[in-house]
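Colleague: Here it is: the structure, laid out below.
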Amino acid sequence: MEAELTDTSFFEKVLLFIGIDVHKSKWVVTIRTYDLELKTFSMTPSAEELEKYLLKNYPGADYRIVYECCFTGFWIYDYYFEKGYKILVTPTTESIKTEAQ
């Protein structure tokens, strides 16, 4: 019997990667597993709204959240970290120095 997406145990302990492309007026969010992109969408820039969306649509999953540090600072990190989520803030591409430069 195949599990339906409405089955609350379908995503139980599934490792999901949540990438947030942060902009002032919106976020572009991509949700994926190691080998499958599940969804990409735009939303208002709200950590609370994204959390509600994840809990409703992917209950029980093991969320790994990442975003690029930019003008927003670390409030997104603080929100998720304080709630016990695993979150990573990456440096902006302009701040990464390579030997080719």
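Read-outs: derived from the displayed coordinates by stated rules, not from any lab. No experiment lies behind these values; they were computed from the predicted model shown. Glycine gets a Cβ as well: all are built from the backbone with ideal geometry, and neighbour counts include every protein chain shown.
Colleague: Quick one: go through the stretch 17-34 and flag any residue whose amide nitrogen is under 11 Å from the point 7 Å out along the Cα-to-Cβ line of CYS69.
Modeller: No residues fall inside that zone.
Colleague: List the residues whose amide H sits under 5 Å from the amide H of LYS86, counting only those 5 or more places along or on another chain, with H placed 1.01 Å from N in the peptide plane.
Modeller: ILE65
Colleague: Going 7 Å from the Cα of SER46 toward and past its Cβ, which residues in the stretch 70-88 have a backbone nitrogen under 19 Å from where you end up?
Modeller: From the stretch 70-88, the list is 75-81, 83.
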